[in-house]
1. Given Cβ point charges of +1 (Lys, Arg) and -1 (Asp, Glu) and nothing else, what value in debye, to the nearest 20, does the dipole of the chain about its Cα centre take?
2. Going toward the positive end of the dipole of the chain, with +1 on Lys and Arg Cβ and -1 on Asp and Glu Cβ, which of Tyr197, Leu34, Gly91 do you reach last?
3. Under 17 Å from a label point 7 Å along Cα→Cβ of Thr12: give me every residue in region 45-73 with its amide N that close.
4. Where in the chain are the DSSP H helices whose alpha-carbon span along the long axis reaches 15 Å or more and whose Kyte-Doolittle mean is at least 0.0?
5. Dipole magnitude of region 74-223 about its Cα centre, charges +1 at Lys/Arg Cβ and -1 at Asp/Glu Cβ only, in debye to the nearest 20?
6. Scan the chain and report its longest stretch carrying no GluC sites (Glu not before Pro) that are both in a DSSP loop and have at most 15 other Cβ atoms within 10 Å.
7. Out of Leu80, Pro209, Gly145, whose Cα points farthest toward the positive end of the dipole of the chain (charges: +1 Lys, Arg; -1 Asp, Glu; placed on Cβ)?
8. Where does the Debye-calculated log10 I(q)/I(0) of region 222-296 sit at q = 0.15, 0.22 Å⁻¹, using only Cα point scatterers of equal weight, no solvent?
Amino acid sequence: MNAIADRKRFETEVVEGLTFTPAGPLLGAEVTGLDLSQPLEPGVVAAIRGGLNRYKVLFFRGQDITHEEHVRFGRYFGDLEGHPVTATVPGFPEILHIEAADGLKITEEILPIARPANKWHTDVTFREKPSFAGILRGRLLPPYGGDTIFADTNAIYEDLPPPVKAKISRLKAAHDILQSFGYRISEETKEQLRRDYPPRAHPIVRTHPETGDKHLFVNHVFTTRILGIDEDESRELLTYLTDRVKAPEYQVRFRWSPNAIVFWDNRATQHYAVLDYFPHDRVVERVTVQGTDIPF
């Protein structure tokens with residue numbers, strides 16, 4: 001059953017002592033009844049993973065955990081990975097230190113550049129096996145603003161017109177790390193990234209390996225062009241597809257609070273960090289669970 005037909009089934013549920021309260025009519029749930037500073041039983045881990053498949057993004061509040069506990073929580077769900085560009089927490093290569101626009105310190109001069117560059121995306125789609133999930137913890141929050149918005153890429157796909165679905169069903173698109181990071185790194189680093197992370201071709205429509213749902217799998221940040229069609233048609237179709245995520249009907253918005261943690265399925269969502277809090281600071285830390293499958 002696709003996400004559109006499943007909306008009416010979204011109601012508060014309790015699994016393994018955890019309460020999942022829907023955060024929106026389409027995706028997202030707040031999870032209570034859990035202390036992430038303590039080790040988790042296998043049944044609880046399974047309940048969280050099941051909730052992630054169902055709601056696509058989970059919100060945990062009031063979790064004052066250490067770096068070690070953050071890493072431990074991520075490892076319940078798979079191996080962890082770092083990032084070729086983003087800084088990490090000293091002593092914890094598994095934890096990304098994300099300040100402002102993904103490490104780009106915001107100033108009055110940078111703000112007009114950073115805001116337009118802050119776009120909807122799925123993480124690290126430039127990898128052969130993009131990450132399974134992200135687990136983000138708020139460390140330093142502005143007094144207001146800095147929300148994170150998530151969108152359901154299955155619902156976006158389901159609402160596409162049938163002719164568009166038919167057209168993209170067998171097409172692939174190129175994903176390139178330099179599309180996002182190339183403008184602010186040295187030429188030497190660019191060359192190294194080209195060697196280490198050559199562009200990858202992924203299907204435009206991805207099948208979720210656990211639920212079987214179909215998801216739109218192109219994004220503003222890493223997708224450079226659609227393969228197998230001419231340049232003009234690629235540009236027009238890619239713009240059409242990536243703009244669909246902007247409709248609020250597909251979204252849930254999370255307002256951060258102290259020690260909140262967000263756990264999202266990177267295979268089933270896109271997200272957007274709202275850069276509206278300057279001159280205040282915003283620092284978050286992310287543990288990334290490796291992907292185990294090549295998109296199909």
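1. 520 debye
2. Most positive-ward Cα: Tyr197.
3. Residues passing the 17 Å test: 59-61.
4. Details: long enough: 42-55 (19 Å, 0.26); 231-243 (18 Å, -1.08).
Span-like helices in the chain: 42-55.
5. Using Cβ point charges on Lys, Arg, Asp and Glu, region 74-223 gives about 440 debye.
6. Answer - 12-107.
7. Value computed over the given set: Pro209.
8. Calculated log10 I(q)/I(0) at the listed q: -0.83, -1.22.
The values are calculated or read from the model by the stated rules, or taken from the named source; none is laboratory data. In this text, all values refer to a predicted model and were calculated from it rather than measured experimentally. Cβ sites come from the backbone with ideal geometry, for glycine too, and all protein chains shown count toward neighbours. Accessible surface areas use protein heavy atoms only, side chains included; no ligands, DNA or RNA. Shrake-Rupley method; radii C 1.70, N 1.55, O 1.52, S 1.80 Å.
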